[in-house]
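See structure below.
All of the numbers you see were taken from the coordinates with simple rules; none came from a lab. None of these values were measured; they are calculated from a predicted model. Backbone-built Cβ (ideal geometry, glycine too); neighbour counts: all protein chains shown.
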Amino acid sequence: MDRRRFLTVSAAALATPSLVGTRAAARSVAGQPLPIPPILDASGRADAPLEAIAGAVDFGMGGKAKTLGYSQPYLGPVLRMRRGEIARPVLKNRLDFAVTAHWHGAHVPGAVDGGPQLALAPGKTWAPELEIDQPAATLWYHSHIHGETGPQVYRGLSGMLLIDDPDASNPGLPTTWGIDDIPIIIQDRLFDRDGVLAYGLDMPTMMHGLHGSTILVNGAVQPNASVARGLVRLRLLNASNARVYTLKFNDGRGF
Ligand SMILES: [Cu+2]
């Protein structure tokens, strides 16, 4: 997106965020290229498992943050499933605490939906079969452990989930991943002075959810993407714990 037509992510704050990170730090790392998560095709047998792992990521906020991710240090690959097929994602837990992968928005039975009752113990592997029969959608997956969902997702255990519908008419929508078909995973985070992801639950946060003061897109602080002239598809995912956003172009054009 060029300067005249960039997408502005602004926060419609329902609660006042507690400002722990410094704005100067956020400004100094803003503008790096937008990371594009790889696609993991889970139609049929997935080529690779999702591996829940720990990471250490320098977000440019003053030091390395302890993170979690699926097969990468923070967030996970974009899972792709197709309507009319059985998706077979595989989750391996390489952490020393229980996690899940919950297919948020997928119309699948609870027995395979990665909810809290399906907590996957350390070292274990889970290979559900998901019968995909719903319209094309941009969804997400995330860990869903009772009492731990908030902090686990906050530290990185989530990713985008795309459902394609081969029968749906595609009115010339762009399809080149990362070029004109671009995932936009929006999250707000708090960083302390050492660049560490801060997750503190004071009373207002307990009531309204955690709101961060720094916006990450695909795991990078306020990144930039340049795209060619023409139609561009943005796949928008609010993967924040509690924040609500208003998205608009800076020249006021419509989506
Ligand atoms: Cu969910």
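Among 121, 136, 111, which one shows the biggest mean-square fluctuation in a GNM of the chain, springs joining Cα atoms closer than 10 Å?
Result: 111 has the largest fluctuation of those listed.
Where the centre of each part is set by its Cα atoms, how far does region 33-106 sit from region 187-255, in angstrom?
19 Å
With both partners inside the chain, how many of the DSSP beta bridges are antiparallel, as a percent to the nearest 5? Could the numbers behind the result be given before it?
Working: 35 of 56 bridges.
Taking every DSSP beta bridge with both residues in the chain, the antiparallel ones total about 60 percent.
Might you report the magnitude of the Cβ-based charge dipole of region 56-213 about its Cα centre, with Lys and Arg at +1 and Asp and Glu at -1, to the nearest 20 debye?
520 debye
Using DSSP to define loop residues, name the GluC sites (Glu not before Pro) in region 45-131 whose beta-carbon has at most 13 other beta-carbon atoms within 10 Å.
Working: sites: 51, 85, 129, 131; in loops: 85, 129.
Here the sparse-neighbourhood loop sites are 129.
Connecting C-alpha atoms closer than 10 Å in a GNM of the chain, tell me which of 189, 45, 80 has the biggest fluctuation.
45
Picking from 175, 149, 100, which is most flexible by a Gaussian network model of the chain using Cα springs under 10 Å?
Looking only at 175, 149, 100, the largest GNM fluctuation is found for 175.
Can you sort 227, 57, 99 from fewest to most other Cβ atoms within 10 Å of each residue's own Cβ? List each step's numbers first, then the result.
Numbers: 227 17, 57 21, 99 28.
The order, fewest Cβ neighbours first, is 227, 57, 99.
Can you give the translational diffusion coefficient of the chain in µm²/s, computed by Stokes-Einstein from the Kirkwood radius over Cα pairs at 37 °C and 0.692 mPa s? Can you show the working numbers first?
Details: Rh = 19.0 Å.
Taking Rh from Cα pairs, D becomes 173 µm²/s.
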